[in-house]
1. Which listed residue (B:Val9, B:Ala26, A:Leu61) has the Cα farthest towards the positive end of the charge dipole for the protein assembly as shown, taking +1 on Lys and Arg C-beta and -1 on Asp and Glu C-beta about the Cα centre?
2. Take chain B, mark every one of the chymotrypsin sites (Phe, Trp or Tyr not before Pro) that falls in a DSSP loop and has at most 14 other Cβ within 10 Å, then report the longest stretch left between them, sites excluded.
3. Over the Cα atoms of the range A:2-158, Rg to Rh with Kirkwood Rh, two decimal places?
4. About its Cα centre, what dipole magnitude does chain B give when the only charges are +1 on Lys and Arg Cβ and -1 on Asp and Glu Cβ, stated in debye to the nearest 20?
5. Hey, what's the Cα Rg ratio for chain B versus the globular rule of thumb, 2.2 N^0.38 Å?
6. For B:Val13 paired with B:Ala92, estimate the spin-label separation in nm (one decimal), with each label point 7 Å from Cα along the Cα-to-Cβ line.
7. What is the distance in Å between the Cα centroid of the range A:65-144 and that of the range B:107-166?
8. Using Cβ contacts closer than 10 Å as the measure, can you line up A:Trp145, A:Trp133 from fewest to most?
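Nothing in this text is a laboratory measurement; each read-out follows from the coordinates by a stated rule. As the structure is a computational prediction, the values presented were derived from the model and not from experiment. Heads up, the Cβs are rebuilt from the backbone with ideal geometry, glycines too, and the neighbour counts pull from every protein chain shown.
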Amino acid sequence: MVEQQARGYWVILSSFLLAYVLAIVPLTGLAAWLRPEWLALVLIYWAIALPYRVGLATAMLAGLGMDVLEGAVIGQNMLALALVVLLSRLLYQRLRVFSIGQQALTVFFLAGVHQLVCQWIQTVEGAGARSLWFMLPAITSAVFWPLVLVTLRRARRHFEVY
Amino acid sequence: MGLVALVVVGLLVADLRYSQLGTARAFLDTLLIPVHTVADIPAAIGRWQERHLRSRSSLMEDNDHLSRENLVLKGRLQQMASLQANNARLRALLNSSALLRDDVLVAEVIGVAPDPVRHQLLLDKGGSDDVYAGQPLIDADGLMGQVIEVSEFTSRVLLITDATHSVPVQVNRNGVRAVAEGTGSLDLLEVHHVAATTDIAEGDLLVTSGLGQRFPIGYPVATVTRVERDPGQAFARIEARPAAALDRARHVLLVFARGDVAEVNAEAGAGG
């Protein structure tokens, strides 16, 4: 177990870096509102697949990077992602046996929690949204979940990350 | 878990209330520049195509257009020289020091905030080019915003339309002062707390007033697009459209106000 744990850090790390890039690629108009929460998706996957390796500490670090990239208040994404990881770890045994549709529904719920927490903190900051459009990423995150799941699962098996 | 909550809330408060994390943020920003660079690749390819794969005729057309524009601008500049001399003489008569022209630094936009409610830009100039927090940013048409965070090679700019930004303005026509606040929508500023009887009308140009001692005086900010006077309300509802091309500008100008902004503005106010 101890030997196995050392495997494939770089796979996890590069999946997070890719999520960062996708999260800040400039989009305009409606596409910007629809952008899925890539980082949350990747984090949920690893939290379900490797709950003994990816947990709160990872979520906090990833969130810190996202806060800086986004220009958000430091702690906003940290808090939201920590909550998402906490919930996914509570649910991971059930999530593993869910069908993809049920999983997507759960992801919709988790991404919604993420968006709400971010929105609360932005409102405290004075940059709150004026409409409910900020919830759209919850829907698109659920739609993109199967893609993330299949891609990361393949990467995990191919590079034998355990 | 309790510890996690404590740390996060501590960071939130430290950043939000006391702005204590500037240095750490700037350091992390520098560390994460590669992510920005990679995210910029699609746009970079677009720029490369624009530069290398253009037809001769479109280039010639561009060239013609620019020469014409250049001729017109140069023509206007001829008068500018004599007007400036005139202005300096008159100001000397009024015993106030001459207004100096501000220095500018051209910067390139290398990133935009991914969240559509957050209006921030990332520029390719930072502390190593003497950019400072609070520095005003303009484009060819008007005021864009101000620098809020400087790291070694990049800086982050808050646009005037961000919901957390306000800029002191005055109506160019009659000098009525007001504050233009961002709304989170890229083509809309709102002017709050202007009495319903104030002389302000559609089409009025709002320029920076220099009050608040952050922005130099006289840069165009927005044009008033709607004035609604409801007899039941104490204040008029005023909307304005920003003059600068906030969502299109690729190259922008960082303004170095000569000397103390407050002093120069006070002089300008006293003279005008």
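1. Sorting the options by dipole projection puts first A:Leu61.
2. Longest site-free region, per DSSP loop and neighbour criteria: B:133-272.
3. Reported Rg/Rh, Kirkwood definition of Rh: 0.95.
4. On the way: 25 positive and 33 negative charges, 98 e Å.
Here the size comes out at about 480 debye.
5. 1.17
6. 6.0 nm
7. If you average the Cα positions of each part, the centres end up 27 Å apart.
8. A:Trp133, A:Trp145
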